[in-house]
Amino acid sequence: AQTVTQSQPEMSVQEAETVTLSCTYDTSESDYYLFWYKQPPSRQMILVIRQEAYKQQNATENRFSVNFQKAAKSFSLKISDSQLGDAAMYFCAYLRGGTYKYIFGTGTRLKVLA
Amino acid sequence: DTAVSQTPKYLVTQMGNDKSIKCEQNLGHDTMYWYKQDSKKFLKIMFSYNNKELIINETVPNRFSPKSPDKAHLNLHINSLELGDSAVYFCASSQDGSGRYIGTDTQYFGPGTRLTVL
């Protein structure tokens, strides 16, 4: 069975600094998708970034980028120039190709210090 | 122009009652989902419907019954509510076929419904 692990329950970063959130997953599949979602205190789940496993190039979205290491089954999220609005729970999610079922990690709470 | 909406946003009720949560998406998506987020923030899928057909039914008590009257709506009815049902329930939707495989596309979430059972 596939699993997703986020080993950092909580992280802190100074405003304008860079922070990296870790995510590892376990799968025997070769085709899958990985996502990072952000959940601010409003509790809305917001897509941050998405990565297709068959693409070698790391996905980027403005200040957000991933380090996708397929062999190591690692999918970390880097947030550059952190802003107060980045404070939230961040969830890593895995989706096997051809299926509909997301598997979420347990989340990392990110605090941004002014 | 809300993409995925849920009503109500908050629901407080007594044990033993029956309640429903409604979900609507105006994105034209084919697939809709219900997730449960517990007090520790853990998110787990409960159900999924594709074009009104049930495609995912996780190990959920049969007190929970989803209903999809059409592609844009997926409602969740809960009978005989228990204390352990207290959680945030999220509806989500996704579009088929735009990814490499059918079904493998980004899910868009509603704002969640916080259910409190007293």
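So, for chain B, what is the accessible surface per residue at a probe of 1.4 Å, expressed in square angstrom?
Averaged over the residues of chain B, the accessible area is 48 Å².
How much of the accessible area of chain A, in percent, comes from carbon and sulfur atoms when a 1.4 Å probe is used?
Carbon-and-sulfur percentage of accessible area, whole number: 45.
Computed on protein heavy atoms with a 1.4 Å probe, what is the summed buried accessible area for the chain pair A and B, in Å² to the nearest 100?
2300
Binned at 10 Å from 0, what are the whole-percent values of the Cα-Cα distance distribution for the range B:4-113, short to long?
15, 49, 29, 6, 1
Packing-wise, with mean Cβ within 10 Å as the measure, how do A:56-68, B:63-75 rank, highest first?
The most tightly packed comes first, giving B:63-75, A:56-68.
Provide a whole-number value for the mean count of partner chain Cβ atoms within 10 Å of the Cβ atoms in peptide A:81-93.
Across the residues of A:81-93, the mean count of other-chain Cβ atoms within 10 Å is 1.
Pick from B:ILE78, B:ILE55, B:ILE21 the residue whose mean-square fluctuation is largest in a GNM of chain B, springs joining Cα atoms under 10 Å.
The residue that fluctuates most here is B:ILE55.
Give me the lysines in straight-line cross-link reach of A:LYS55: C-alpha distance below 16 Å, same-chain residues under 8 apart excluded.
By straight Cα distance, A:LYS55 reaches A:LYS70, A:LYS73.
For peptide B:32-45, how many partner chain Cβ atoms fall within 10 Å of a residue's Cβ, on average?
Whole-number average of other-chain Cβ neighbours for B:32-45 is 4.
If you count, for every residue in B:58-70, the Cβ atoms of partner chains within 10 Å of its Cβ, what is the mean?
Average neighbour count from other chains, rounded to a whole number: 0.
With no solvent and one point on each alpha carbon, what is the Debye value of log10 I(q)/I(0) for the range A:11-60 at q = 0.29, 0.31 Å⁻¹?
Calculated log10 I(q)/I(0) at the listed q: -1.23, -1.25.
Run the quick spin-label model on A:PHE64 and B:THR13: label points 7 Å from Cα toward the beta carbon, then report their separation in nm to one decimal.
It is 3.3 nm.
How much accessible area per residue does chain A have, in Å², with a 1.4 Å probe?
In whole numbers, chain A has 46 Å² accessible per residue.
The values are calculated or read from the model by the stated rules, or taken from the named source; none is laboratory data. Just so we're clear, the structure is a prediction, and the values are computed from it rather than from any experiment. So basically every Cβ, Gly included, is an ideal-geometry build from the backbone, and we count neighbours across all protein chains shown. Protein only, heavy atoms only, side chains kept; ligands, DNA and RNA dropped before computing areas. Shrake-Rupley method; radii C 1.70, N 1.55, O 1.52, S 1.80 Å.
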